[in-house]
Amino acid sequence: MKEITFDALRWMEEPVRIKIFPDGDHPRGYFQITSPREVEGLCQGRPVEELPRILSILSPAHHLASALALDKLFGVEPPPLAVTMREALLQTLFFESISWSLPGLILYPPPSYRETAPRGFRLLLISWMKS
Amino acid sequence: MNDFEPKILAFLCNWCSYVAADSAGVARLIQKPNFRIIRVFCSGMVDPSYVVKAFSSGADGVLIAGCHPGDCHYISGNIKAMRRSFLLKKLLSELGFGEERFRLEWIAASEPQRYVKVINQMIDEIQKLGPNPLKRSYPGAEKEENSRLRSHGL
Amino acid sequence: MPKKKKIAVYAATGCRACEQAILDIHYQVGSLTRWAELSFWPYILGSEWEKLEKQPEIDVCFFTGAIRTSSDRQAALRLRDKSRLMIALGACAAFGGLPGLVNMAPSEVRKESREETNGPNSRTREKGEEPDLPRMEERVSALSQVVDVEYFVPGCPPRQNFLWAAIQAIAFETESPVRLSFSALRLPQAMAQAITSGVLPPKGSVFSGERAVCASCARTKEKKQFKEFARPWQKDPDQGRCLLEQGFICQGIVTREGCGGVCTAAGLSCRGCFGKTDEVFDPGPKMVSAVSSTFDSDNPIEIASTVDQFVDLAGTIYRYTLASQCTLLSSP
């Protein structure tokens, strides 16, 4: 059976390869991360204030998620400058992934920090921490 | 039956606990033979790095014995040893070297029976605990020699 | 016109910040391609492994990231075969880095993630032919525990001055005008002399200073005694005084200098990303000894209660160096 492998993808955070099996009727494609970082194991047992630094090996979404988690834990509201910085960080994430094409930018405008903050990041963090 | 024979490294201070060990030998008190003694001049001289090096070289237990507080020949050397022992115990237990493998005891020169009791007790407990965790082989342990040398170099 | 050197850059388990650091050397990165040819760089160029096989030899390989799966190990071995010189770039390759902390994780977490990848219930086991994922190893290793490494550039991420010094000294072999500036001040003398005279530094050199961070830290050191250990959010640090004296656990005393003391200047205690100095056998007990000597008490009960406040001692001390510098976790 033929197999097409894309050995290394550019600009990917982890070494990733893609394998495609053109099977005639049922072609299959696999997106494989060959070196997972297992961040769950890293974070368990560390002091809480180190969480943003440990998660800095991941994308900015995790930075923000950890910052939000620490806000909730300590019961504090970030000052307006911090909120602006977080918003800017969030915009970079969306620019990086979506705006390779101008239509993408128009069709999917980057949401603001306040919208996504309550729900989205919690899910993002949980699902991406497993990677 | 457990046929594992532990190896305990004992750092004994020259002025009190070494004299006690000597007297224990002269008085022919019954001791188990699983220990090796290193005579230091004060228990405060024992750097935690020596303890860690002992464990990483394969010792199953480490004992530091010094004079009672107030009796130190160098006035406060044993107090320094005591200060270090708390954090050192915590570090060792976090890295998997459990409770009884490291002990700090005060043994005076006139207490050979206490010395013998401490040694025998420690050997018994470590025999139950098992060998040094590093000696238990795990799959995937490769290049052990080089990894140790490299970990010393960098 | 001297022949261009071939450079390969590869990342194993890491965050790619070290590779981005190569691109981040300010304006000097433009001169990179004047003396070197980037022949293998999956992150930027998308090079495939066949491209590497076709080359006769790579002069210098910058390897980043820790070794965690069998594909990492194979990549390290293949690159070692092909390269003349190998440089471990960044804390992950040099000593294990943050991924190395997994060696201390509770064994249930590690077993579970290994079973997800390797075991019979893993998601890749579907019907028909399915591609395998590379096996995860039992413990994370640094690059030096798998292959021979010639040079180390530590740091998380590495500082631009040392990275540029490494690239110039090793990759260009100083055929370019040497602009080492302030990095040569901190490098050990043997290395600085070698670099400025155009020879390769001795094998096993680390591109960082030799002394501890305290030598470059700008804070004043007074009497070293504190009563209570403080976590960063419990106390506002006094910006002029040494952090260790105020109760924060600063690992500058066992860490190599060279970064310029940037973390301590900003009010955060040093985290030790440059690895331990040469004179120290193991940073753990040395930190224990240093911190314990600063306790301002003779009473065992007080000391015991202070020690109880410490959270995750081993994880703090060995945050970047657990895989290769913790002698209690490597085999004897």
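The values are calculated or read from the model by the stated rules, or taken from the named source; none is laboratory data. Keep in mind that this is a model prediction, so the values were computed, not measured. All Cβ positions, glycine included, derive from the backbone under ideal geometry; neighbour counts span all protein chains shown.
Among the residues of segment C:40-58, are any β-branched (Val, Ile, Thr), within 19 Å of the chain's Cα centre (by Cα) and either in the same structural domain as C:Gln168 (by TED's automatic domain parsing) or closer than 21 Å to C:Gly100 by Cβ (or both)? No, there is no match, as no residue in segment C:40-58 is β-branched (Val, Ile, Thr), within 19 Å of the chain's Cα centre (by Cα) and either in the same structural domain as C:Gln168 (by TED's automatic domain parsing) or closer than 21 Å to C:Gly100 by Cβ (or both).
So how many residues does segment A:1-17 have that are more than 7 Å from every other protein chain (Cβ to nearest Cβ) and among the charged types (D, E, K, R)? Here the count works out to 4.
Return a yes/no flag: does segment B:130-141 have any residue that is assigned to a loop (DSSP other than H, G, I, E, B), at pLDDT 90 or above and in contact with an Asp or Glu (Cβ under 8 Å, 6 or more places away or on another chain). No. Criterion first (assigned to a helix (DSSP H, G or I) and touching a Lys or Arg at 6+ places or on another chain (Cβ under 9 Å)) does C:Glu210 satisfy it? No; evaluated as a whole, the condition is false for this residue. Scanning segment C:53-69 for residues that are free of Cβ contacts under 8 Å to residues at least 40 places away in the same chain and either buried (at least 23 other Cβ atoms within 10 Å of the Cβ) or not charged (D, E, K, R) (or both) yields one hit, C:Pro56. Residues that are among the aliphatic types (A, V, I, L, M) and under 27 Å from C:Asp296 (Cα atoms) were ranked within segment C:244-279; the one that is surrounded by the fewest Cβ atoms within 10 Å (Cβ to Cβ) is C:Ala266.
For C:Leu268, state whether it is part of a loop (DSSP other than H, G, I, E, B) and facing chain B (nearest Cβ under 7 Å). Considered against the rule, which asks whether it is part of a loop (DSSP other than H, G, I, E, B) and facing chain B (nearest Cβ under 7 Å), C:Leu268 comes out as no.
Taken over segment C:245-284, the criterion of being among the hydrophobic types (A, V, I, L, M, F, W, C) and under 19 Å from B:Leu95 (Cβ atoms) is satisfied by C:Ile249, C:Val254, C:Val280, C:Phe281. Across segment B:3-61, the number of residues qualifying as among the polar types (S, T, N, Q), more than 14 Å from every other protein chain (Cβ to nearest Cβ) and out of contact with any Lys or Arg (no Cβ under 7 Å at 6 or more places or on another chain) comes to 3.
Collect the residues in segment B:105-129 that are in contact with a Leu (Cβ under 9 Å, 6 or more places away or on another chain) and surrounded by fewer than 16 Cβ atoms within 10 Å (Cβ to Cβ), keeping them in residue-number order. Of everything in segment B:105-129, just one residue is in contact with a Leu (Cβ under 9 Å, 6 or more places away or on another chain) and surrounded by fewer than 16 Cβ atoms within 10 Å (Cβ to Cβ), namely B:Gln113. Does segment A:41-51 include one or more residues that are closer than 22 Å to C:Ala21 by Cα and either within 11 Å of chain C (Cβ to nearest Cβ) or touching a Gly at 6+ places or on another chain (Cβ under 6 Å) (or both)? Taking every residue of segment A:41-51 in turn, none turns out to be closer than 22 Å to C:Ala21 by Cα and either within 11 Å of chain C (Cβ to nearest Cβ) or touching a Gly at 6+ places or on another chain (Cβ under 6 Å) (or both). Consider C:Phe310 carefully, then state whether it is part of a loop (DSSP other than H, G, I, E, B), at pLDDT below 85, more than 29 Å from B:Leu134 (Cβ to Cβ) and in contact with a Phe, Trp or Tyr (Cβ under 8 Å, 6 or more places away or on another chain). Spelling it out, it is not the case that C:Phe310 is part of a loop (DSSP other than H, G, I, E, B), at pLDDT below 85, more than 29 Å from B:Leu134 (Cβ to Cβ) and in contact with a Phe, Trp or Tyr (Cβ under 8 Å, 6 or more places away or on another chain). Pairs are defined by a Cβ separation below 7 Å, a sequence spacing of at least 6 or placement on different chains, a first member in segment C:35-49 that is within 10 Å of chain A (Cβ to nearest Cβ), and a second member that is assigned to a loop (DSSP other than H, G, I, E, B) and among the small types (Gly, Ala, Ser); the pairs so defined are C:Phe40/C:Ser47; C:Trp41/C:Ser47; C:Pro42/A:Ala8; C:Gly46/A:Ala8; C:Ser47/A:Ala8; C:Glu48/A:Ala8.
Screening C:Met86 on (1) of a type in the set (A, V, I, L, M, F, W, C); (2) without any contact (Cβ under 8 Å) to a residue 24 or more places away in the chain; (3) closer than 22 Å to C:Ala165 by Cβ shows it passes everything except condition (2).
If only residues of segment B:55-104 that are among the aromatic types (Phe, Trp, Tyr) and closer than 19 Å to C:Val307 by Cβ are counted, the one that is surrounded by the fewest Cβ atoms within 10 Å (Cβ to Cβ) is B:Phe86.
The residues of segment A:70-96 that are surrounded by 12 or more Cβ atoms within 10 Å (Cβ to Cβ) and within 14 Å of chain C (Cβ to nearest Cβ), listed by number, are A:Leu70, A:Asp71, A:Pro78, A:Thr92, A:Glu96.
Taking into account only those residues within segment C:1-23 that are within 14 Å of another protein chain (Cβ to nearest Cβ) and in a strand (DSSP E or B), which is nearest to C:Cys92 (Cα to Cα)? Out of the qualifying residues, it is C:Thr13. Scanning segment C:134-158 for residues that are more than 11 Å from chain B (Cβ to nearest Cβ) and under 11 Å from the mean Cα position of the chain (by Cα) yields C:Val153, C:Gly155, C:Cys156, C:Pro157, C:Pro158. Among the numbered conditions (1) facing chain B (nearest Cβ under 10 Å); (2) among the small types (Gly, Ala, Ser); (3) in a helix (DSSP H, G or I), the only one that C:Gly252 does not meet is (1).
Restricted to segment A:18-30, and to residues there that are at the interface with chain C (Cβ under 9 Å from one of its Cβ atoms) and either farther than 10 Å from A:Ile4 by Cα or touching a residue at least 40 places away in the same chain (Cβ under 8 Å) (or both), the residue that is surrounded by the most Cβ atoms within 10 Å (Cβ to Cβ) is A:Tyr30.
Residues in segment C:290-330 that are hydroxyl-bearing (Ser, Thr, Tyr) and either surrounded by fewer than 19 Cβ atoms within 10 Å (Cβ to Cβ) or more than 7 Å from chain B (Cβ to nearest Cβ) (or both): C:Ser293, C:Thr294, C:Ser297, C:Ser305, C:Thr306, C:Thr316, C:Tyr318, C:Tyr320, C:Thr321.
Scan segment A:28-47 and tell me whether some residue there is of a type in the set (Gly, Ala, Ser), under 20 Å from C:Cys92 (Cβ atoms) and touching a Pro at 6+ places or on another chain (Cβ under 7 Å). Yes, there is a match, as at least one residue in segment A:28-47 is of a type in the set (Gly, Ala, Ser), under 20 Å from C:Cys92 (Cβ atoms) and touching a Pro at 6+ places or on another chain (Cβ under 7 Å). Within the span defined as segment C:59-66, one or more residues are under 24 Å from C:Ala169 (Cβ atoms), hydroxyl-bearing (Ser, Thr, Tyr) and modelled with pLDDT of 85 or more. If only residues of segment C:221-243 that are touching a residue at least 60 places away in the same chain (Cβ under 8 Å) and assigned to a loop (DSSP other than H, G, I, E, B) are counted, the one that is farthest from the chain's Cα centre (by Cα) is C:Lys227.
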